[in-house]
Amino acid sequence: MSTYPLPPLSGAEWPLEAAERLDGFAGKLNVYRTMAHDPALLNAWADLREHVVRQNALGLELVEVVILRTGVRLGSSYEWQQHIARARKVGFDDTRIASIRGAVDDMAPGDALLARAVDELFDDKRLSAETARTLVETHGKKAMFDLMATVGFYSTLGYILNTCGTPLDDDIAAELAAQPFPETDN
């Protein structure tokens, strides 16, 4: 028996209402296998996931900064570790990844802008006028909206992960064991 309150569902337990998701994105990650306990939510989630993950105006590299910082702010070790692997795949070195966990003043300016925006959303529940203006000037209006949507999207995932005790996916755990990241505990 699992020690997790709501463990990821196996293929045999998969709900019929979300059957088409099992062979797609949802069947590949424990977070979505956990979300499958609510098949209506999982089905509704698909279009937003497509936009936030694949069509984000920030692009693959910058969205990883936003996701990593969101994972830090949520205290989600799953998101932090999952996105160490993804950030490495898009070209981040471990020094850059580690900086995203620290003080904004210690980051590269482009990363600092994005991390500051994430922090403002967590702390103030909005972007400051200055941060919003700088985001629009630097990355465009669509990117500013996509940043806010990404923080909201990954916050929801973080709440699910933290509440349900979702374990890190085996492939990511193996990757991190083979190429450890300094202090992977969040």
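Selection of region 84-99 for residues being in a helix (DSSP H, G or I), farther than 18 Å from residue 54 by Cα and of a type outside the set (Val, Ile, Thr) yields 94, 96, 98, 99. The number of residues in region 150-186 that are touching a residue at least 60 places away in the same chain (Cβ under 8 Å), surrounded by fewer than 12 Cβ atoms within 10 Å (Cβ to Cβ) and over 14 Å from residue 78 (Cα atoms) comes to 2. Going through (1) among the aliphatic types (A, V, I, L, M); (2) outside the structural domain of residue 155 (by TED's automatic domain parsing); (3) surrounded by fewer than 17 Cβ atoms within 10 Å (Cβ to Cβ) one by one, residue 26 falls short only on (3).
For region 24-82, a tally of residues being among the acidic types (Asp, Glu), more than 14 Å from the chain's Cα centre (by Cα) and modelled with pLDDT under 95 returns 1. Taking region 1-83 as the region of interest, the helices (runs of 4 or more DSSP H) fully inside it that hold 2 or more residues being without any contact (Cβ under 8 Å) to a residue 12 or more places away in the chain and over 15 Å from residue 169 (Cβ atoms) are 39-49.
Step by step: first the residues of region 23-40, then only those that are of a type outside the set (Gly, Ala, Ser) and in contact with a helix residue (DSSP H, G or I) (Cβ under 6 Å, 6 or more places away or on another chain), then the one that is farthest from residue 167 (Cα to Cα). Which residue is that?
Here is the first cut: in region 23-40, the residues of a type outside the set (Gly, Ala, Ser) are 23, 25, 28-35, 37-39.
Still in the list and also in contact with a helix residue (DSSP H, G or I) (Cβ under 6 Å, 6 or more places away or on another chain): 31-32, 34-35, 39.
Working: 31: 8, 32: 12, 34: 10, 35: 13, 39: 20 Å.
Step by step, filter region 23-40, then rank; the result is 39.
The sole residue among 151, 104 that is of a type in the set (A, V, I, L, M, F, W, C) and under 14 Å from the mean Cα position of the chain (by Cα) is 151. Against the conditions (1) under 16 Å from the mean Cα position of the chain (by Cα); (2) within 25 Å of residue 29 (Cβ to Cβ); (3) surrounded by 13 or more Cβ atoms within 10 Å (Cβ to Cβ), residue 119 satisfies every one except (2). Within this structure, residue 34 passes the test of being touching a Pro at 6+ places or on another chain (Cβ under 9 Å) and surrounded by 14 or more Cβ atoms within 10 Å (Cβ to Cβ).
The values are calculated or read from the model by the stated rules, or taken from the named source; none is laboratory data. Note that the structure is predicted; figures quoted are calculated from it, not measured. A quick note on method: Cβ atoms are made from the backbone with ideal geometry, for glycine too, and the neighbour counts reach across all protein chains shown.
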